[in-house]
Amino acid sequence: NAGVTQTPKFQVLKTGQSMTLQCAQDMNHEYMSWYRQDPGMGLRLIHYSVGAGITDQGEVPNGYNVSRSTTEDFPLRLLSAAPSQTSVYFCASRLATRTDTQYFGPGTRLTVL
Amino acid sequence: AQSVTQPDIHITVSEGASLELRCNYSYGATPYLFWYVQSPGQGLQLLLKYFSGDTLVQGIKGFEAEFKRSQSSFNLRKPSVHWSDAAEYFCAEGGGADGLTFGKGTHLIIQP
């Protein structure tokens with residue numbers, strides 16, 4: 001198993017540009033989520049999904065869109081990038097319930113100029 | 001809303017010495033508690049988790065944590081640290097229906 005994979009590893013955008021961060025898992029996990037990590041802030045939940053076709057907002061959803069058309073993939077879209085979205089983004093997945101281990105991808109470092 | 005507090009931003013420990021990283025949570029019901037470790041430039045790896053049963057939990061890499069409901073704490077311990085333990089450590093709570101609520105992390109520095 002590859003686990004949770006994320007692409008790209010690094011990205012530089014200009015303010016106003018759009019892009020999609022890709023996330024995929026091959027463990028047949030129902031639950032997937034996106035976090036952003038900022039210095040001194042820990043990780044904060046952006047969006048999550050409890051299964052294909054079902055998504056919901058986390059703590060910091062503004063400026064981000066998600067969709068879940070398959071169990072394997074959970075892309076994160078930045079519609080119009082802003083410097084405040086400069087961060088490291090982590091995708092995570094778990095089998096289903098809250099007691100299941102949540103596995104994290106390697107992260108995408110995004111810089112918005 | 002639930003919250004997780006890690007009071008120590010940085011901790012410096014000598015190699016071979018014991019370690020305790022503090023974590024306090026606020027959650028009204030039974031908490032689901034986790035400790036993750038993040039090495040520089042890497043993703044997060046689960047060290048251990050607690051959601052019921054024995055309040056002393058054993059994890060990987062020689063780590064353990066003790067759940068104390070009366071103190072709302074879930075402190076991480078290791079009897080003897082190695083230089084490779086230098087990393088960022090995150091406590092998290094996952095009792096809600098959405099995802100994990102993380103503390104802000106403790107940066108562990110190992111002195112030779």
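The values are calculated or read from the model by the stated rules, or taken from the named source; none is laboratory data. Everything numeric in this text was worked out from a predicted model, so none of it was measured. Ideal geometry is used to build each Cβ from the backbone, glycine not excepted, and the neighbour counts take in all protein chains shown. With ligands, DNA and RNA removed, areas are computed over all heavy atoms of the protein, side chains included. Shrake-Rupley method; radii C 1.70, N 1.55, O 1.52, S 1.80 Å.
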note: the protein assembly as shown, Cα-Cα separations exceeding 28 Å make up a percent value of 30 percent
Computed from the beta carbon distance with a Förster radius of 30 Å, FRET efficiency for A:Ala96 and B:Glu66 to the nearest 0.05 stands at 0.60
HN-Hα couplings for region A:85-95 via Karplus (6.51, -1.76, 1.60; θ = phi - 60°), in whole Hz with x for Gly/Pro, come out as 8, 4, 5, 9, 10, 10, 9, 9, 9, 9, 4
Relative contact order as a percentage, region A:19-70, C-alpha pairs under 8 Å and 6+ apart, gives 26 percent
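Kindly give the semi-axes, whole Å and largest first, of the ellipsoid equivalent to region A:1-107, taking each as the square root of 5 times a Cα gyration tensor eigenvalue.
On the way: eigenvalues 96, 39, 36 Å².
Taking √(5λ) for each eigenvalue gives 22, 14, 13 Å, largest first.
Roughly speaking, to the nearest percent, how much of chain B's 1.4 Å accessible area is carbon and sulfur?
Numbers: 2630 of 5250 Å².
Answer for chain B is 50 percent, counting heavy atoms of protein chains only.
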When chain A is treated as a Gaussian network with springs between alpha carbons less than 10 Å apart, the largest mean-square fluctuation among A:Gly40, A:Gly16, A:Gly63 is found at A:Gly40
For chain B, using Cα atoms only, the Rg and Dmax in Å read 13.4, 43
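So what is Rg over Rh here for region A:1-62, counting just Cα atoms and using Kirkwood for Rh? Present the calculation step by step, with values, prior to reporting the outcome.
Numbers: Rg = 13.2 Å, Rh = 13.5 Å.
Taking Rh as the inverse mean 1/r over Cα pairs, Rg/Rh reads 0.98.
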